[in-house]
Amino acid sequence: QGTRDHAPAAVVLRDRLLAAVVGCFKRHGAAAIDTPVMELREMLVGKYGEEAKLIYELQDQGGELLALRYDLTVPFARYLAMNKITNMKRYQVAKVYRRDNPATTRGRYREFYQCDFDIAGQFDPMIPDAECLKIVHEVLSDLQLGDFVIKVNHRLVLNGVLAVCGIPESKFITASSVVDKLDKMSWEEVRSEMVGEKGLSPEAADRVGDYVQLHGGLDLIEQLLQDPKLSQNKLAKEGLEDMKLLFEYLTLFGITGKISFDLSLARGLDYYTGVIFEAVLLQQENDHVEEPVSVGSVAGGGRYDGLVGMFDPKGRKVPCVGVSIGIERIFSILEQRLEASGEKIRTTETQVLVATPQKHLLAARLKLISELWDAGIKAEMLYKKDPKLLKQLQYCEDTGIPLAAIVGEQELTDGVVKLRDVATREEVRI
């Protein structure tokens, strides 16, 4: 059904992963919020463009049409509008739902976690946007997933490029969504889809091709600002000025080495209005490959200044920029690595097993374990009246419990507990 059950080891791994991501969000001063899994259907419809077909709609509930949330961004925008909040830095970790064709091996599910960080409010240009990119860089560096690149583009630059190439405004979104496939398809395939399926002229498509295959850094931005056609286009000029400022801030953060200004990036969602970005993990297939191979997007986001206004009765706008970390994709990669390395993960945090070496000592075990629990110590015992000591010690080894607290008849007489280090087999009397 395209959802997954997590075995204990997987849950431990996922929790570690989430803790690292949430730790980064908290470092940047974000407060946590939570929104309902279900939204009114009308809140979600019309916000996702072509992706709308993936929204999970529920049956009519007594006149109410509901749907499961598709992401955490639209519910956040609704939350800001409902509560009349104009300034907020938040994070949210929660499940979202998509009626997608699952590809479980690649971490694509119908139910999966998203980790979102957003900055809402009227601020000076590009400062919050730069912080969102810094966060993606921090998270991917902290998790040590290998080499990555964060592709950045700007909706105004993209629209400006389409305009100067002779694409009619009514076809901007259609053309963008085809251009966005350049990371998976060759330019020839993208071009034939633009001309054959989307009805754009071959000349316009070729002109678009000259631009969307470019990627670089500050030098490319400078070059495009000098471009005779783009510099005359109001949209493109404004977008490129924004990008120049953004790259200045990213240089100060010291992360431009991993950032690529990529004119083919479009991100499918309709609600983006400014900077858009996507982080991609790179995989060296072998030493002889010039270009590293991408293993798919693990984070994405951008600026969506118009979304909150859609939910406000008076249309009051709250500018927002945010990022979503695709935790499930990252999780799939880490899980595969763990399997390959053969490393075992401890699935419990038990510190000590209460054990007895002879029969008829269940009462002693129950009394001791109760004392340990009350003292806040994580303890376990076997659920047998008279287990063999070897079996109890074997259980410690199998589950990675480091200590065994042993009470036998002699220990009870002497008023002590024998504490055994399972790995070294050293014992002390306490």
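Each label was represented as a point 7 Å from its Cα along the Cα-to-Cβ direction; for His28 and Gln61 these points are 3.3 nm apart. Of the chymotrypsin sites (Phe, Trp or Tyr not before Pro) found in the range 232-275, not one falls in a DSSP loop while having at most 12 other beta-carbon atoms within 10 Å.
Keeping every protein chain in place, order Ile406, Ile377 by accessible area at 1.4 Å, biggest value first, i.e. largest first. Show your work: numbers first, answer last.
Working: Ile406 5, Ile377 65 Å².
Most to least solvent-accessible, the answer reads Ile377, Ile406.
Cross-link reach is defined here as a Cα-Cα straight distance under 22 Å, omitting same-chain residues fewer than 8 places apart; for Lys385 the lysines meeting it are Lys359, Lys367, Lys418. Within straight cross-link reach of Lys53, meaning Cα distance under 21 Å, which lysines are found once same-chain residues fewer than 8 apart are removed? The qualifying lysines are Lys95, Lys171, Lys181, Lys198. Sparse packing (at most 14 other Cβ atoms within 10 Å of the Cβ) combined with a DSSP loop state is found for the following chymotrypsin sites (Phe, Trp or Tyr not before Pro) in the range 367-430: Tyr383.
Among Leu65, Leu281, Leu393, the largest mean-square fluctuation in a Gaussian network model of the chain, built with springs joining Cα atoms closer than 10 Å, belongs to Leu393.
With the crude spin-label approximation of a point 7 Å out along Cα→Cβ, what separation in nm comes out for Lys171 versus Thr347? Roughly 5.6 nm, to one decimal.
Within the chain, what is the longest stretch that has no GluC sites (Glu not before Pro) placed in a DSSP loop and near at most 10 other beta-carbon atoms within 10 Å? Segment 1-284 is the longest. Using a 10 angstrom cutoff on alpha carbons, build the Gaussian network for the chain and name the most mobile of Val407, Val308, Val190. In the Gaussian network model the winner is Val407.
Taking a ≥ b ≥ c as the square roots of the eigenvalues of the Cα gyration tensor, the range 352-429 is rounded, since a/c falls below 1.5. A crude spin-label estimate for the pair Lys388 and Ala340, with each label 7 Å from Cα along the Cβ direction, gives 4.1 nm. Restricting to the chain, what percent of DSSP beta bridges are antiparallel, rounded to 5? Around 80 percent antiparallel, to the nearest 5. About its Cα centre, the range 352-429 has a charge dipole of approximately 260 debye under the convention of +1 per Lys or Arg Cβ and -1 per Asp or Glu Cβ, with nothing else charged.
Listed by chain and number, the lysines whose C-alpha is less than 16 Å from the C-alpha of Lys314, apart from same-chain residues fewer than 8 away, are Lys84.
At a probe radius of 1.4 angstrom, the accessible area of the chain per residue rounds to 51 square angstrom. Here the range 218-371 exposes an accessible surface that is 51 percent carbon and sulfur, computed with a 1.4 Å probe and the other protein chains kept in place. Helices in the chain, meaning DSSP H runs of at least 4 residues, each add -39500 (n - 2.57). Divided by all residues, the mean residue ellipticity at 222 nm is -11500 deg cm²/dmol. Net charge in the neighbourhood of Ala130 (other residues with Cβ under 15 Å of its Cβ; Lys, Arg +1, Asp, Glu -1) is -3. The chymotrypsin sites (Phe, Trp or Tyr not before Pro) of the range 99-140 that meet both conditions, a loop assignment by DSSP and at most 15 other Cβ atoms within 10 Å of the site Cβ, are Phe123.
The values are calculated or read from the model by the stated rules, or taken from the named source; none is laboratory data. Please read all numbers here as calculations on a predicted model, not as lab measurements. Cβ: placed from backbone, ideal geometry, glycine included. Neighbour counts: every protein chain shown. Just so you know, the surface numbers come from the protein's heavy atoms only, side chains and all, with ligands and any DNA or RNA stripped out. Shrake-Rupley method; radii C 1.70, N 1.55, O 1.52, S 1.80 Å.
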